[in-house]
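> Sharing a structure, written as structure tokens. Questions coming.
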Amino acid sequence: MERRKRMSGSSNGRLQASEAPIAKSAVLYAAAKEIGMHCREENQSFLQCKAIESDPAKCFEKGRSVQRCVLELLMSLNTTCPQQFEAYARCLDEQSAPSYAFERCRRQEAALVDCRQAGTLDKQRVESHEVLLRE
């Protein structure tokens, strides 16, 4: 049984905050920069393990850590900026080029970046306010 619902499976056509976006290639491409930043340590640890170990089973847990990190990030993107994330992924998916044409989707990418930065700034403001309240 599939735990994740497709975007068209929800009553309003959108994923719920608790649902993980379907990790098709356009979704992963749309999240690629954030995955690179957010999951850097997990990816490096996994790649180092693969370079050292001849037995792939020895790197299984490190691979699972990468998967968990990416899933958490996708859920975060879907929670904090669902419209912007979906628009960027859809734009990438709808390109007729054989490979993804990022330059054709810069407007959607900028909207996602702006939304994520606004959310980060809001989170920093809340954390700063909480620190002041504790003092």
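The values are calculated or read from the model by the stated rules, or taken from the named source; none is laboratory data. All values derive from a computational prediction rather than experimental measurement. Because the Cβ atoms are built from the backbone with ideal geometry, glycine has one as well, and the counts that use them run over all protein chains shown.
> Of the residues that make up the stretch 51-65, is at least one hydrophobic (A, V, I, L, M, F, W, C), surrounded by 11 or more Cβ atoms within 10 Å (Cβ to Cβ), in contact with a Phe, Trp or Tyr (Cβ under 7 Å, 6 or more places away or on another chain) and modelled with pLDDT of 95 or more?
Within the stretch 51-65, one or more residues are hydrophobic (A, V, I, L, M, F, W, C), surrounded by 11 or more Cβ atoms within 10 Å (Cβ to Cβ), in contact with a Phe, Trp or Tyr (Cβ under 7 Å, 6 or more places away or on another chain) and modelled with pLDDT of 95 or more.
> Let me ask another. Counting only residues that are assigned to a helix (DSSP H, G or I) and free of Cβ contacts under 8 Å to residues at least 40 places away in the same chain, how many does the stretch 84-96 have?
3
> Hey, any hits in the stretch 118-129 for a residue that's assigned to a helix (DSSP H, G or I), modelled with pLDDT of 85 or more and among the acidic types (D, E)?
no
> If you don't mind, there's one more thing I want to ask. What number of residues within the stretch 50-85 are among the acidic types (D, E) and under 17 Å from I35 (Cβ atoms)?
1
> Pick from the stretch 97-112 the residues that are in a helix (DSSP H, G or I) and touching a helix residue (DSSP H, G or I) at 6+ places or on another chain (Cβ under 6 Å): which of them is farthest from S25 (Cα to Cα)?
Per the stated criteria, the residue is A111.
> Run down E86, E34, E109 and say which single residue is in contact with a Cys (Cβ under 9 Å, 6 or more places away or on another chain) and either surrounded by fewer than 11 Cβ atoms within 10 Å (Cβ to Cβ) or at pLDDT 85 or above (or both).
On inspection, the qualifying residue turns out to be E109.
> Something else about it: Collect the residues in the stretch 36-76 that are of a type in the set (D, E) and part of a helix (DSSP H, G or I), keeping them in residue-number order.
Answer for the stretch 36-76, where residues must be of a type in the set (D, E) and part of a helix (DSSP H, G or I): E41, E42, E61, E72.
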